[in-house]
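Below: the structure, in structure tokens.
The values are calculated or read from the model by the stated rules, or taken from the named source; none is laboratory data. For clarity, every value in this text was computed on a predicted model and none was experimentally measured. Here the Cβ positions follow ideal geometry from the backbone for every residue, glycine too, while neighbour counts run over all protein chains shown.
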Amino acid sequence: MEVDEVALAEKKKRRTFRKYAHRGVDLDQLLDMSNEQLMELFPCRIRRRLSKGLKRKPMALIKRLRQAKKEAGPLEKPEVVKTHLRNMIIVPEMIGSIIGVYNGKTFNQVEIKPEM
């Protein structure tokens, strides 16, 4: 009897983490996809905007996010990257980053998570 109770308690302690997916595609696969393959999964408005290409400011934000991730250690959170771009499309490459979004008065920190 005690063995069964211990086994049940051990099962309860184990946490199962949810695998996040966007339209049936896992996060790991999303990170490996090219931009053209990724655009097929997005709604029309986002596809249209990405097909026109990212302009100078959004591209600069992505470069700064890459740099912040590279400078952070393997188990550390990257530094906050401040921006005024409030309408930036979140791409899978940005997951795990922390962005300071300017609201006209202060920078509000937003952590980009997979469930977004």
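The figures follow:
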| quantity | calculated |
| --- | --- |
| Condition met for LYS113 (surrounded by 13 or more Cβ atoms within 10 Å (Cβ to Cβ) and either on the phi < 0 side of the Ramachandran plot or modelled with pLDDT under 90 (or both)) | no |
| Identity of the residue in the range 7-27, surrounded by fewer than 11 Cβ atoms within 10 Å (Cβ to Cβ) and not basic (Lys, Arg), that ends up modelled with the highest pLDDT | GLY24 |
| Positions within the range 32-64 being among the polar types (S, T, N, Q) and in a loop (DSSP other than H, G, I, E, B), in sequence order | SER34 |
| Residue count, the range 67-95 (criterion: under 15 Å from the mean Cα position of the chain (by Cα), under 21 Å from ASP28 (Cβ atoms) and surrounded by 15 or more Cβ atoms within 10 Å (Cβ to Cβ)) | 7 |
| Pairs with Cβ under 6 Å, 6+ apart, first in the range 77-106 and closer than 18 Å to ILE46 by Cβ, second part of a loop (DSSP other than H, G, I, E, B) and at pLDDT below 85 | ILE95/PRO114 |
